[in-house]
Amino acid sequence: MVHVRVAEIEAYAKEHKVPIMLPDGIDYLTRYIEAHKCRRILEIGSAIGYSAIKMALVDPKVHVTTIERDLERYQMALANIEACHLEDQITVLYGDAFDVTVPGFYDLIFIDAAKSQYIKFFERFKDQLVIGGTVISDNLEFHGLTHSTEPIASRNLRSLIRKINAYITFLEENEEFDTTFLTIGDGLGVSVKKKG
Ligand code: SAH
Ligand code: MG
């Protein structure tokens, strides 16, 4: 039973603090895939395969290529995908998203990896997105910190928040894409590639 497996993955993620998508974020993402009939999906940041599995379960015609650089998580993603019998629908690439060879074109690119590198992920893969295709970016609210006026004590966290805000500005100013920002889950950016 696939939904039992999925519930086990959710429980594991909670117990081991693996930052999988929040419930309303994953609901939005899967509904978007359904409504827009996205078939070829590229995900940056598989973790243990949770969001890739949820996206593949939308429709047997969906194919997800997903990238993970952490060996242990990559191996768990493979095991979880196998337990859900989704090997034919999901390809997991092991390595850094800036190093791995990623062939083909995509209807949807889901960015959910290192938050400090979002502009670079976007730039690396945007030409592999079809016209009318969508980039969805997770964690743009970063637990509410991106729009907070409270001072942030940690220097690293301050730098991270600055980079997420720079990405938000980058999307707002991007002429090739129309972006909508949603406060769903941990904050989503939905960027549609314009014609011409
Ligand atoms: N999308 C997953 C959660 C991903 S968590 C879900 O919702 O189920 C983010 C993951 O991105 C981490 O496992 C981290 O190892 C991976 N990651 C971060 N930077 C990366 C990079 N440059 N290349 C590949 N993977 C990366
Ligand atoms: Mg996320």
Original post:
Only one of these conditions is not met by GLU123: (1) charged (D, E, K, R); (2) in contact with a strand residue (DSSP E or B) (Cβ under 6 Å, 6 or more places away or on another chain); (3) without any contact (Cβ under 8 Å) to a residue 60 or more places away in the chain. Which number is it?
Top reply: (2)
Subject >> Selection count where residues are out of contact with any helix residue (DSSP H, G or I) (no Cβ under 9 Å at 6 or more places or on another chain), of a type in the set (A, V, I, L, M) and touching a residue at least 60 places away in the same chain (Cβ under 8 Å), scope segment 1-56 >> reply: 1
Original post:
Of the conditions (1) away from ligand 2 (no atom under 16 Å from the Cβ); (2) under 29 Å from PHE170 (Cβ atoms); (3) free of Cβ contacts under 8 Å to residues at least 40 places away in the same chain, THR66 fails just one. Which one is it?
Top reply: (1)
**OP:** Count, please, the residues in segment 157-190 that happen to be among the polar types (S, T, N, Q) and within 16 Å of ligand 2 (Cβ to nearest atom).
**Re:** 1
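Within segment 1-31, can you find the residues that are open to solvent by less than 20 Å² (accessible area, probe 1.4 Å) and farther than 17 Å from LEU140 by Cβ? Full working, then the answer.
Going through segment 1-31, the residues open to solvent by less than 20 Å² (accessible area, probe 1.4 Å) turn out to be 6, 9, 13, 18, 21, 25-26, 29.
Listed by number, the residues that qualify are VAL6, ILE9, ALA13, VAL18.
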**OP:** Just give me the residues in segment 15-41 being within 12 Å of ligand 1 (Cβ to nearest atom) and out of contact with any Gly (no Cβ under 7 Å at 6 or more places or on another chain), in sequence order.
**Re:** HIS16, LYS17, VAL18, PRO19, ILE20, PRO23, ILE26, LEU29, THR30, ILE41
Original post:
What is the number of the single condition among (1) in contact (Cβ under 8 Å) with a residue 24 or more places away in the chain; (2) under 13 Å from PHE177 (Cβ atoms); (3) away from ligand 2 (no atom under 15 Å from the Cβ) that LEU86 does not meet?
Top reply: (2)
Original post:
In segment 128-146, what count of residues is obtained for those that are among the aliphatic types (A, V, I, L, M) and open to solvent by less than 20 Å² (accessible area, probe 1.4 Å)?
Top reply: 4
Original post:
How many of the residues in segment 148-170 are within 23 Å of TYR32 (Cβ to Cβ) and either in contact with a Leu (Cβ under 9 Å, 6 or more places away or on another chain) or free of Cβ contacts under 8 Å to residues at least 24 places away in the same chain (or both)?
Top reply: 3
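The values are calculated or read from the model by the stated rules, or taken from the named source; none is laboratory data. Keep in mind that this is a model prediction, so the values were computed, not measured. Every residue, glycine as well, gets a Cβ built from its backbone with ideal geometry; the counts of neighbours run over all protein chains shown. Ligands, DNA and RNA are excluded from the accessible area calculation, which covers all protein heavy atoms including side chains. Shrake-Rupley method; radii C 1.70, N 1.55, O 1.52, S 1.80 Å.
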